[in-house]
1. May I ask for the distance between the Cα centers of the range A:175-227 and the range B:1-22, given as a whole number of Å?
2. Within 14 Å, Cβ to Cβ, of residue A:246, how many net charges do the neighbouring residues add up to if Lys/Arg are +1 and Asp/Glu are -1?
3. How about the range B:27-61: which trypsin sites (Lys or Arg not before Pro) there are in a DSSP loop, with at most 13 other Cβ atoms within 10 Å of their Cβ?
4. I need the semi-axes of the equivalent ellipsoid of chain B: take the C-alpha gyration tensor, multiply each eigenvalue by 5, square-root it, list largest first in whole angstrom.
5. To one decimal place, what orientation-averaged projected area in nm² is obtained for the convex hull of the Cα set of the range B:3-192?
6. Net charge near residue A:233: determine it from the other residues with C-beta under 12 Å of the C-beta of residue A:233, scoring Lys and Arg +1 and Asp and Glu -1.
7. Taking Cα atoms, how many degrees apart are the long axis of helix B:75-89 and the longest axis of chain B, rounded to 10 and kept between 0 and 90?
8. Residues of B:26-35, mean number of Cβ from any other protein chain within 10 Å of their own Cβ, rounded to a whole number?
Amino acid sequence: MKKIVVLAKQVPDTANITGNAMKEDGTVNRAALPAIFNPEDLNALEMALTIKDKIGGEVIVITMGPPKAAEILKHSLYMGADHVMLITDRKFAAADTLATSFVLAETIRQFGEVDLVLAGRQAIDGDTAQVGPQVADKIGFNQITYVSALKEFDDNYLIVERDGEVQTEVIKTGYPALLTITSQVNTPRYPNCRRMLQYFRADVKDNFSNSELSTAVANGWVIPTYSLDDLKLDEERCGLKGSPTKVHKIKSIMLKGGDLKIYGTGQTDIKQLVRDIMKVYVEVH
Amino acid sequence: MKAIVFIEKNPVTGKLRNVSIELTHKAYTLSNPFKGEVVGVFAGDALPGNTDELFRFGMSRLLYFIDARLKHLHSIAFKHTFVEMIRSEEPDIVLFGATHTGRDIAPLIASSLKTGLTADCTQLYIEDYKNKGKILYQVRPAFGGNILATIITPDHRPMMASVREGVMLLPEERLNHPVKMEPFTIDFNESWVKSEFLSVIPKVKKVDFGSANIIISGGAGVGSAENFRLIRDLANALKGEVGASRAAVDFGFAEKDHQIGQTGSVVRPMLYIACGISGQIQHRAGMEESQKIIAINKDPEAPIFNIAHMGIVGDLNEIIPVMLRYLKEEG
């Protein structure tokens, strides 16, 4: 029986910025982007469920974010998570990776003996890949990043492949450990129909009326939320205050128009394009 | 302004990784105007074969710790080693290559030192900040590359940043710093070794963007893995390398090694031919420094045309076969 924590994040879908999401001035309209389950965190959850399915255990998905982030926790319940936790507080806002990892590490520490922590390699909004390792440092777990395959595991150890850029490393680790997972590892399962029926009303407490609340609690629909006070955290180490890095300025990238020569699609036009390509080709070869 | 650079070895070749040399030069340009020095830190089972190279690009000293147990990436052991080296030097700045090793260890070190770390910076410069004197300004793309954020670490030291390989350019000229190698001793604790490396399989390098003058890339618009053959055929005909957008990799048209963009390789070839690539910022972050960009795309509104020098609006599956025929004729 393993206790497995999955760290997840709700992110704007930066990979699918379509024409509609671009504003007139060529910058991105963030409001038009859907919020999604960070893709590699889904791979982490899938790995946790795979391990649980085989050797038994408990899968707990933790996310820090605004109340809306409960959406990914609901999805986690659909997929098979046993418990979910939403860490939410305005005082956690504007946290950099150090402050974020502090809150996540404290949460993990407070909820008892954990055997394995799994997280996506990186989130697609910041792409820093720092939160996982910084949690590992704070809870004192062994760390393996860029995990690209789960080869073998049992109650005592895990054997994984790590994508080491110029080489693939086959690594064995005991518990406890924290792994960061890449998309190569697995294909996340679809939500389970029975669980969808069971949890389709799952939400944070504030979104239930007083009359609904007792039914919601009885059915396990209430997604538990934890504030800074609930976790008894030092405010100086959370949110903006606890973040050594500050955003000095932000510049939206604008699409700049260049000198563009457009060729037609007729045979002679394509022939001309090939001639122009050959000029560059001759220069370089 | 003292700067430390994390020096990394390619475990397959035993030589320095290029990014270590690039960052040595960058650290030199940052620290030299303020009479600072650049100190390299290295840990591993043996020194890289060409450490002298670092001193031609501005390094003053190289601290190193050699131990057979550091043959593999035992993250915790590396963390302790580098934390001790950094503490002994008290630098203002620490730079890491944003490699799979650097991105594994740097966050652990920043967490231990309780300081800021900015990932994947594309520009670094030093300027005054309020009454706090000179600090490091760290510019990085975020939000899928749609914004450029300038990040600062005003109140903590060291200011740590990582930079991807190929982002910082090397100058033509060489410096002539004397080679100064300084062995560093630490009390290695066996408990730092927590993983067992069962085997290590060198990857067969399928893609070489570094030496490619011409790159032909395909995106979602290619349509299928089968159609992607056209991209490879065009690359063969032009003796170029094959690239792919993230979408093409996600759809399984091309392997991940070919990916160009913010989450792939950064390239700057003489000629870049983007086929069926809309030109999302995430892709452009990896190729817009190319000297000449040709875009083939069905959508005349595709943002790729905003940065292209030459373009054809049409179906690449019809256009590329014609191009291949003419290329054959032109010889």
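Read the figures in this text as sums done on the coordinates, not as results from a lab. This structure is a prediction, so every number in the text was calculated from the model and none was measured. Here the Cβ positions follow ideal geometry from the backbone for every residue, glycine too, while neighbour counts run over all protein chains shown.
1. Here the answer is 44 Å between Cα centres.
2. Working: positive: A:241, A:249, B:130, B:132, B:140; negative: A:96, B:155.
Charge balance near residue A:246 sits at +3.
3. Working: sites: B:35, B:56, B:61; in loops: B:35, B:56.
Hits after loop and neighbour filter: B:35.
4. Working: eigenvalues 320, 100, 66 Å².
Rounded to whole Å, the semi-axes are 40, 22, 18.
5. Numbers: hull surface 44.1 nm².
That works out to 11.0 nm², a quarter of the Cα hull's surface.
6. Details: positive: A:91, A:109, A:232, A:237, A:241; negative: A:89, A:106, A:229, A:230, A:234, A:235, A:236.
Neighbourhood net charge equals -2.
7. Its long axis makes an angle of about 60 degrees.
8. Values: counts 0, 0, 0, 0, 0, 0, 0, 0, 0, 0.
Averaged over the peptide's residues, the number is 0.
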